[in-house]
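Visitor: Dropping the structure in here first, questions after.
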Amino acid sequence: MYKIIAFAVVIVLIIAALMTNKKLVETLKNIWKIEELRKRILYTLGLLLIYRFGSFVVIPGINPNALGAGSNLANQVEGNGLLGLLNIFTGGAFSNASVFALGVMPYITASIVIQLLGIVVPYFQKMQKEGESGRRKMNQWTRFLTIAVLILQGPAYVANLHREVPEAFVYGNSFLYVMFATIVMIAGTMFIMWLGEKITDRGIGNGISLIIMVGIVARLPHSLLAEFNTRFTEATGGIIMLIIELVLLYLVFMATIALVQAVRKIPVQYAKRIVGNKQYGGVRQYIPLKMNAANVMPIIFAQALMFIPMLFVRVAPNFAAAFAYQGFWYNFTFALLVIAFTYFYTAIIINPAMMADDMRRNGGFIPGVKPGKKTVEYIDTIMTRITLPGSIFLAIVAIMPALAMKFLNINQEFAHFYGGTSLLIMVGVILDTLKQIESQLLMRRYDGLMKTGRIQGR
């Protein structure tokens with residue numbers, strides 16, 4: 001009981017510290033004054049609340065009492081890095097056998113595949129260049145592919161659920177029930193996608209990203225409480241170690257924000273043009289090249305490959321054991337893959353030739369650099385140089401959860417917040433949402449969200 005009280009006291013102190021910030025209170029008042037912004041925020045919160053309620057609605061035919069703490073499914077989620085991460089992304093819906101159990105990850109998978117097809121397949125390349133109509137076609141293809149992924153993942157989820165907790169199946173595990181449960185989960189994921197689109201259109205922020213972020217944040221209190229319990233019951237440092245963990249978590253958050261926000265600005269000068277009595281151009285602008293242009297994609301790709309050794313558990317147990325989650329070879333290989341995929345994905349999404357061509361057509365040039373091939377080489381060189389420290393930092397962020405578990409003895413669920421996709425998604429989505437709120441404030445001549453400067457960076 002005293003552990004829960006201590007946890008509640010910490011939360012209250014954090015909230016009190018935030019609310020005593022006069023700048024924060026004033027900003028919240030300004031946000032509430034803007035009717036359109038207020039409606040958008042309330043609309044977003046309402047749809048996110050619906051999503052959280054749905055995370056606890058169990059698939060019909062499944063006994064929820066058999067899925068609690070101590071069940072084989074709960075133990076499997078806690079002991080498996082991939083399933084534990086998936087459970088965090090779904091906000092616990094995976095371990096609850098909810099109608100939202102598969103979350104939006106099938107949609108993310110389909111989006112990645114379609115994006116890669118847009119690079120190698122001429123048909124999809126053409127759609128990318130068609131503007132808004134092409135974007136709608138790409139979205140339609142993404143939805144179709146999402147359903148295909150769900151048709152594969154749905155039966156696999158039901159089969160795993162039956163293997164771990166067969167007593168939870170009220171009506172058995174017949175072919176008809178597997179089809180029914182799969183259809184329910186397909187409908188659940190498509191409903192989540194619809195919620196995300198509505199948030200994007202009528203709310204604030206990117207809907208799908210916010211849904212993923214809310215699922216991650218929803219597990220934070222549970223994970224923190226579990227860490228409280230571990231520190232107090234197992235006598236592994238107590239309150240002192242817990243404070244050290246929280247300070248370290250704060251520093252990791254700050255470093256990740258710096259990684260996400262870091263940009264290299266390339267100056268671009270536009271030539272003066274006189275059309276009629278008006279002058280166009282003659283101004284200097286900047287091309288912001290992000291240090292971490294690839295965002296979380298390298299970690300996602302690397303994680304997908306790092307589960308290949310698990311396939312050899314029965315055939316080559318020594319090889320699989322060498323790549324244990326907290327082992328040296330696992331983290332070393334994982335870090336190298338993240339660095340490699342960072343360069344690969346950055347090369348895919350950043351096209352120096354296209355950037356140079358756009359500048360040439362608009363009468364722009366980089367001071368001191370000849371237009372054309374020299375501009376392409378210059379941008380490519382700059383991108384290569386800033387990607388190296390970005391990829392190394394991203395690799396460190398990727399292996400931080402494993403390091404936190406190994407050296408600080410932090411429980412697995414709480415360790416996910418020390419790095420990896422969870423941390424990057426949280427930071428990226430929160431910053432993007434705050435940027436949109438800040439733009440609404442600045443447009444109506446209110447102060448931004450920060451005392452100095454803006455979230456967009458200087």
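Visitor: In percent, what relative contact order does region 101-144 have, based on Cα pairs under 8 Å that are 6 or more apart in sequence?
Guide: The value is 35 percent.
Visitor: Here's another thing I want to ask about it. Quick check: residue separation of PHE180 and ASN318 times 0.36 nm, minus the Cα distance between them. What number comes out in nm?
Guide: Length gained, PHE180 through ASN318: 45.6 nm.
Visitor: Around ARG264, which amide H atoms from residues at least 5 apart in sequence, or from another chain, sit under 5 Å from its own amide H, with H modelled in the peptide plane?
Guide: So ARG264 has HN proximity to LEU289, LYS290, MET291.
Visitor: In whole Å and largest first, what semi-axes does the C-alpha gyration tensor of region 104-168 yield when each eigenvalue is scaled by 5 and square-rooted?
Guide: On the way: eigenvalues 227, 20, 10 Å².
Over the Cα atoms of region 104-168, the semi-axes work out to 34, 10, 7 Å.
Visitor: Distance between the C-alpha centers of region 357-413 and region 337-352? Whole Å please.
Guide: Distance between centres, Cα-based: 8 Å.
Visitor: Along the Cα-to-Cβ line of GLN285, 7 Å from the Cα, sits a label point; which residues in region 363-405 have backbone N less than 15 Å from it?
Guide: Counting only backbone N, you get 363-367.
Visitor: Sort the following peptides by mean Cβ neighbour count (other Cβ atoms within 10 Å, averaged over residues), highest first: 286-299, 411-424.
Guide: Output ranking for 286-299, 411-424: 411-424, 286-299.
Visitor: Determine the gain in length on full extension of the stretch ASP358-TRP194; use 0.36 nm per residue of separation and subtract their C-alpha separation, reporting nm with one decimal. It would help to have the intermediate numbers written out before the result.
Guide: Values: separation 164, 0.36 × 164 = 59.04 nm, distance 3.50 nm.
Value of the extension gain: 55.5 nm.
Visitor: Still on this structure: Could you please state, rounded to a whole Å, how far the C-alpha centre of region 31-107 is from the C-alpha centre of region 178-214?
Guide: Answer, in whole Å: 11.
Visitor: Hey, with R₀ at 35 Å, roughly what FRET efficiency would VAL121 and VAL247 work out to, going by the Cβ-Cβ distance, to 0.05? Working shown, then result.
Guide: On the way: r = 49 Å, r/R0 = 1.39.
The value I calculate is 0.10.
Visitor: If I model a spin label at GLN128 and ALA340 as a point 7 Å from the Cα along the Cα→Cβ vector, what separation in nanometres do I get?
Guide: 2.3
Visitor: Here's another thing I want to ask about it. Could you tell me how far the Cα centroid of region 115-156 sits from the Cα centroid of region 239-258, in Å?
Guide: The distance from the Cα centre of region 239-258 to that of region 115-156 comes to 39 Å.
Visitor: Moving on. In nm, to one decimal, how far is the modelled label at ASN63 from the one at TYR171, with both set 7 Å along Cα→Cβ?
Guide: With each label placed 7 Å out from Cα toward Cβ, I get 1.7 nm.
Visitor: Along its principal axes, what span do the Cα atoms of region 40-218 show, with the longest given first and each in whole Å?
Guide: Principal axes ranked by extent give 53, 38, 29 Å for the Cα atoms.
Every read-out reported here was derived from the displayed coordinates using simple, explicitly stated rules and does not represent laboratory data. Just so we're clear, the structure is a prediction, and the values are computed from it rather than from any experiment. No Cβ is skipped: glycine too gets one built from the backbone with ideal geometry, and neighbour counts run over all protein chains shown.
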